[in-house]
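FYI, it's all coordinate maths here, none of it is from the lab. Keep in mind that this is a model prediction, so the values were computed, not measured. Don't worry about glycine lacking a Cβ; one is built from the backbone with ideal geometry, like all the others, and counts go over all protein chains shown.
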Amino acid sequence: MAPLLPPASSPKLCRSWLLLGLALLVAVDLSAADMYSEIELVWGASRTFFFMDGDSEALALSLDQWQGSCFRSREKYLYVQVDVEIKLIEGDSAGTVCTIYMISEDPWEIHDEIDLEFLGNVTGQPYTLHTNIFANGVGGREQQFRLWFDPTADYHTYSIVWNPKHILILVDGKAIRDFKNNEDQGVPFPTWQSMRTFGSLWSAEDWATQGGRVKTDWSQAPFVGYYRNYNVTWCRPSPGVAWCGDEPKGSTRFDLDQKTLADLQWVRSNQMIYNYCTDTVRFNATTLPKECTLQ
């Protein structure tokens, strides 16, 4: 079945769908919609709308020159897998950033964070998936990837898997990044602060596209990104273990399988375009982050 409010390909149509979506919001029974019950709008509510996309409740975030939009999960999580389908902005999206990420709340100085940021492009150029991980307030762990498909043509599933041994980022089930728990080697890892999931669409034209050299064409606004099938799977411990945080140190429960290892190698060889661990301009032998010598 076609979406009630299909994604529009032109700014004029986008404006029409936004207005229609807001008008229809009162007529849709959102109490039965899974995504609506799982998330709440944080800012830019007047620029967002829920709509039925087939059998799924979807959310459209939009951005114009005055404001973007953002949602967050109603719950906080500790060790979960978060999956969400996203269809990115079509056409000239230079300067825009569409995100899905997890972040702990106060205190900010020691916050944890897992970022997926989709950096906009000029028409015909590929999107860049920018990832970063913060642990105990320390970030700077950027890796960037080119996706092997057009993320604006259809929805694709983006996942964060967070367990006591690994943080994995997956695209359509394929692992593209692994950050291993090396706390025993003195590397911070998120283990105790619960996090919420956030999704946002905002302007970063000072850096997002070709380092800020390409600015946003606001005549194309509003820019619209689509989210659906938000799903959270809590971490399942081994039999007899109370919860994932109590998993015995020698347990193999969260070890990576051969498919995951092969996926990571393929992505590193073919799709990775930046890795902080190999940035010899930014780091030298004495300043290289410790995890870079362990993973």
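Placing unit charges on C-beta atoms (Lys and Arg positive, Asp and Glu negative, everything else neutral), compute the dipole magnitude of the chain about its Cα centre in debye, rounded to 20.
Values: 24 positive and 37 negative charges, 85 e Å.
For this selection, approximately 400 debye.
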Compute the acute angle (0 to 90°) between the alpha-carbon long axis of helix 258-270 and the principal axis of greatest extent of the alpha-carbon atoms of the chain; round to the nearest 10°.
70
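What's the exposure ranking of THR280, THR48, going from fewest to most Cβ atoms within 10 Å? List each step's numbers first, then the result.
Details: THR280 8, THR48 23.
Lowest count first: THR280, THR48.
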Output the 0 to 90 degree angle, nearest 10, between the alpha-carbon long axis of helix 11-24 and the longest principal axis computed from the alpha carbons of the chain.
90
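Tell me, what is the Rg over Rh of the stretch 164-210, with Rh the Kirkwood radius over Cα pairs? Intermediate results must be reported in sequence, preceding the final value.
Numbers: Rg = 15.0 Å, Rh = 13.9 Å.
Rg divided by Rh gives 1.08.
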Taking the convex hull of Cα positions in the stretch 201-295, its mean projected area over all directions (nm²)
11.2
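With 35 Å as the cut-off, how large is the P(r) tail for the chain, expressed as percent of Cα-Cα pairs? Provide the component values of the computation, followed by the final result.
Values: 8439 of 43365 pairs.
Beyond 35 Å sits 19 percent of the P(r) for the chain.
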Output ³J(HN,Hα) for the stretch 283-294: one whole-Hz value per residue in order, computed from phi by the Karplus curve 6.51 cos²θ - 1.76 cosθ + 1.60 with θ = phi - 60°, and x for Gly and Pro.
10, 10, 4, 8, 10, 4, x, 4, 5, 5, 8, 10
Positive-end extreme of charge dipole, the stretch 98-205 - chosen from PRO190, SER159, GLY139 (charges on Cβ):
SER159
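Let me spell out the model: positive unit charges on the Cβ of Lys and Arg, negative unit charges on the Cβ of Asp and Glu, origin at the Cα centre of the stretch 147-295. What dipole size does that give, in debye rounded to 20?
Working: 15 positive and 16 negative charges, 26 e Å.
I would put it at about 120 debye.
In this model, which of LYS174/LYS249; LYS174/LYS215; LYS87/LYS290 are farther than 29 Å apart at the alpha-carbon? Each step should come with its number before you reach the end.
On the way: LYS174/LYS249 27 Å; LYS174/LYS215 32 Å; LYS87/LYS290 36 Å.
From LYS174/LYS249; LYS174/LYS215; LYS87/LYS290, over 29 Å: LYS174/LYS215; LYS87/LYS290.
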Rg/Rg_globular for the stretch 98-153, with Rg_globular taken as 2.2 N^0.38 Å and Rg from C-alpha atoms
1.34
What do you get for trypsin sites (Lys or Arg not before Pro) in the stretch 254-295 restricted to DSSP loop and a cutoff of at most 15 other Cβ within 10 Å of the site's Cβ?
ARG282
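Counting helices only, and only those DSSP H runs with n ≥ 4, report the 222 nm mean residue ellipticity of the chain as the sum of -39,500 (n - 2.57) divided by its residues, in deg cm²/dmol to the nearest 500.
Values: 3 runs with 32 residues, N = 295.
My calculation for the chain gives -3500 deg cm²/dmol from helical runs alone.
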